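Student: A single structure is presented below for examination.
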Amino acid sequence: MEQQLRNLTEAMFEIKKICCIGAGYVGGPTCSVIAHMCPKIHITVVDVNQARIEAWNSNTLPIYEPGLKEVVELCRGKNLFFSTDIDKAIQESDLIFISVNTPTKAYGMGKGRAADLKHIESCARRIVAVSNGYKIVTEKSTVPVRAAESIRRIFQSNIKPDLNLQVLSNPEFLAEGTAVNDLKNPDRVLIGGDDTPEGQEAIQALCAVYEHWVPKNKIITTNTWSSELSKLVSNAFLAQRISSINSISALCEATGADIEDVACAVGMDHRIGSKFLKASVGFGGSCFQKDVLNLVYLCEALNLPEVAQYWQQVIDMNDYQRRRFASRIIDCLFNTATDKKIALLGFAFKKDTGDTRESSSIYISKYLLDEGANLHIFDPKVRKEQIICDLSHPSIFQDASGQASRLVTICNDAYEACDGAHAIVICTEWDEFKLLDYEVIHKNMLKPAFIFDGRRVLDELHPKLQKLGFQVETIGKKITVQRIPFTPTAEVPKFSLQEPPLKKVKL
Ligand code: NAD
Ligand code: UDX
């Protein structure tokens, strides 16, 4: 059946073999859960990165995600396979997920804002080059609106007589750290396709895969463009909530209100809801910044400057929050961090992941390194090489030596990081940071000993910590020492991992 062209009078097309291009944070977990939920579907996840595929086939998976190893071990070698033989997997499949990375462009037109679709295009060209018969090609990566049109054009321009490729959009909404649960119990599954009989048939075939475990009323179908746009807008709304609460955290610090109380009171209105109202050092991760910037770029390209400016503000507020937090640390440390040992706890962009992409820890580190601080960093899941690599990026470490390792030490545990330190800076909300023996830590620190809690993880310990002698400074709570108030300059210096800054950032 799969090697023949589809004729709409035939019985509904059944997906028996799936190929997923891209074995990353989305492709790996998504296909592992589909394999687990659909034992009769044969799934091959492929990637150009051989080391990544080898890791998926080993006991040490390339990504840390709670519950993932168990799912992989249940299915791998039965109906779940990881391979670098991309062409073979494409040829044998009924459905192809494109789950490759779509980072912010780091060059040329749209640099620093537009999504780089070069990997999507290369997948489309490979698919049309090696395929025959009928296949459903599904965008799982997050893409700008109308990206599917480019894929269709590549297909149409290279079409062969024995080939029929249908294009769908099926964006992924999983969050890292909770991916397995998000995939098993999604709020919704969104599938967009052409409003033609062929398009609708392809949608139904993909719906049937999800119906193995997702209730029908949670599977929604739309046209392709609504599906693509809904993904960008979902992430933009989530990021906007964080920037909104973070903006109010600055007001709390200036007035004596407590952001946790305000978030609780505001979130109890069921029209607003309590989720995503946690003030922090700013949102990180590979998606929020990239997708909001993508939305901004799209609006600009469509001549909607007011809409673009509105969403740009979400990013600007996030940059401001990171800078504000770093500035507070330096103010409290008597306006200088030069040669001071600072323990930075948490480098991942959130707890329960080893992912550091766009982590606020990188930017807080940057500001402290600019001041000449000696950073001693500990994270339970991030590899030492990853931290050094992130901090050695030219947009982050601007010392002539280019060697971040000169001012950065990666520690094996939190006690080692805090030993002899002037201050502890908590950037990731790992639960284990609540369980540390702060009496021992305080004894071994220089005095006054500071804790800067950028995640409100130590709220319940505050009285105890203060009794031990710590000066505790937290996001969204009034500052406890006399300090020169931070005045943001009108001109906000911007930098990103993708775009080296033009000048050194001054706090
Ligand atoms: P990732 O970088 O972890 O993985 C992408 C993989 O694709 C890499 O291993 C890369 O080697 C591979 N790849 C790139 N081009 C290829 C090609 N031509 N052939 C074969 N393999 C190729 O990225 P990710 O975090 O999994 O994100 C993938 C997409 O999903 C992005 O568009 C992202 O925005 C979106 N998304 C991510 C998340 C998330 O939490 N990470 C959630 C929802 C959606
Ligand atoms: C996000 C979306 O949640 C998910 O639906 C999408 O598919 C991918 O992007 P992810 O980036 O993995 O997922 O994690 P998320 O839980 O959304 O957190 C993103 C960042 O926001 C993290 O740095 C997190 O610490 C921060 N955050 C989140 C806050 O600062 N406050 C909050 O209240 C929630």
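The values are calculated or read from the model by the stated rules, or taken from the named source; none is laboratory data. All figures in this text were calculated on a predicted structure; none of them were measured in a lab. Here the Cβ is made from the backbone with ideal geometry for all residues, glycine too, and neighbour counts use every protein chain on show.
Student: From the list PHE378, PHE325, PHE349, exactly one residue is within 16 Å of ligand 1 (Cβ to nearest atom) and buried (at least 20 other Cβ atoms within 10 Å of the Cβ). Which is it?
Tutor: That would be PHE349, the only listed residue that is within 16 Å of ligand 1 (Cβ to nearest atom) and buried (at least 20 other Cβ atoms within 10 Å of the Cβ).
Student: So, one more: Would segment 119-130 turn up any residue that is in contact (Cβ under 8 Å) with a residue 12 or more places away in the chain, assigned to a loop (DSSP other than H, G, I, E, B) and either surrounded by 14 or more Cβ atoms within 10 Å (Cβ to Cβ) or on the phi < 0 side of the Ramachandran plot (or both)?
Tutor: No.
Student: Can ALA89 be described as surrounded by 21 or more Cβ atoms within 10 Å (Cβ to Cβ), within 25 Å of ALA205 (Cα to Cα), within 13 Å of ligand 1 (Cβ to nearest atom) and modelled with pLDDT of 95 or more?
Tutor: Considered against the rule, which asks whether it is surrounded by 21 or more Cβ atoms within 10 Å (Cβ to Cβ), within 25 Å of ALA205 (Cα to Cα), within 13 Å of ligand 1 (Cβ to nearest atom) and modelled with pLDDT of 95 or more, ALA89 comes out as yes.
Student: Continuing with this model, one more query. For segment 119-147: of the residues being over 25 Å from GLY285 (Cα atoms) and of a type in the set (Gly, Ala, Ser), which is nearest to ligand 1 (Cβ to nearest atom)?
Tutor: The extreme case among them is ALA124.
Student: What are the pairs with Cβ atoms under 7 angstrom where one residue, in segment 44-61, is touching a residue at least 40 places away in the same chain (Cβ under 8 Å) and closer than 18 Å to THR30 by Cβ and the other, located anywhere, is hydroxyl-bearing (Ser, Thr, Tyr) and within 12 Å of ligand 1 (Cβ to nearest atom)? Sequence gap at least six, or different chains.
Tutor: Going by the 7 Å Cβ cut-off, the qualifying pairs are THR44/SER83; VAL46/SER83; VAL46/THR84.
Student: Looking at LYS78, LYS111 in this structure, which one is touching an Asp or Glu at 6+ places or on another chain (Cβ under 9 Å) and part of a loop (DSSP other than H, G, I, E, B)?
Tutor: Step by step, each of LYS78, LYS111 is checked, and only LYS111 is touching an Asp or Glu at 6+ places or on another chain (Cβ under 9 Å) and part of a loop (DSSP other than H, G, I, E, B).
Student: If you scan segment 92-118, which residues turn out to be surrounded by fewer than 20 Cβ atoms within 10 Å (Cβ to Cβ), within 9 Å of ligand 1 (Cβ to nearest atom) and touching a residue at least 24 places away in the same chain (Cβ under 8 Å)?
Tutor: Matches in segment 92-118: ASN101, PRO103.
Student: If you check ALA326, ALA308, ALA343, ALA337, which single one turns out to be part of a loop (DSSP other than H, G, I, E, B) and either in contact with a strand residue (DSSP E or B) (Cβ under 6 Å, 6 or more places away or on another chain) or not basic (Lys, Arg) (or both)?
Tutor: ALA337
Student: Condition check: at positive phi and either polar (S, T, N, Q) or touching a strand residue (DSSP E or B) at 6+ places or on another chain (Cβ under 9 Å) (or both). Does ASN318 satisfy that?
Tutor: Taking the combined requirement at face value, the residue does not satisfy it.
Student: Looking at segment 14-28 only, could you name the residues that are within 16 Å of ligand 2 (Cβ to nearest atom), β-branched (Val, Ile, Thr) and under 21 Å from PRO39 (Cβ atoms)?
Tutor: none
Student: If you don't mind, there's one more thing I want to ask. Return yes when ILE154 is in contact with a Leu (Cβ under 6 Å, 6 or more places away or on another chain), under 27 Å from GLU92 (Cα atoms) and free of Cβ contacts under 8 Å to residues at least 60 places away in the same chain and no when it is not.
Tutor: No; evaluated as a whole, the condition is false for this residue.
Student: Any residue in segment 43-50 that is of a type in the set (D, E, K, R) and surrounded by fewer than 22 Cβ atoms within 10 Å (Cβ to Cβ)?
Tutor: No, segment 43-50 has no match at all.
Student: Related question: Which count do you get for residues in segment 131-151 that are of a type in the set (Val, Ile, Thr) and part of a strand (DSSP E or B)?
Tutor: Number satisfying all stated conditions: 3.
Student: Working only within segment 331-340, note down all residues that are touching a residue at least 12 places away in the same chain (Cβ under 8 Å) and either more than 14 Å from ASP370 (Cα to Cα) or within 16 Å of ligand 1 (Cβ to nearest atom) (or both).
Tutor: ASP331, CYS332, LEU333
Student: Among the residues of segment 297-317, is any within 16 Å of ligand 1 (Cβ to nearest atom) and in contact with a Ser or Thr (Cβ under 7 Å, 6 or more places away or on another chain)?
Tutor: The answer is no; no qualifying residue exists.
Student: Kindly indicate which of ALA236, ALA254, ALA208, ALA202 is in a helix (DSSP H, G or I), in contact with a Gly (Cβ under 6 Å, 6 or more places away or on another chain) and not β-branched (Val, Ile, Thr).
Tutor: Answer to the selection: ALA202.
Student: If SER359 passes every condition in (1) crowded, with 23+ Cβ neighbours inside 10 Å; (2) small (Gly, Ala, Ser); (3) away from ligand 1 (no atom under 16 Å from the Cβ); (4) more than 20 Å from SER247 (Cβ to Cβ) but one, which one does it miss?
Tutor: Failed condition: (3).
Student: Looking at (1) over 25 Å from the mean Cα position of the chain (by Cα); (2) farther than 18 Å from ILE329 by Cβ, which is the one condition that is false for HIS422?
Tutor: Just one mismatch for HIS422, condition (2).
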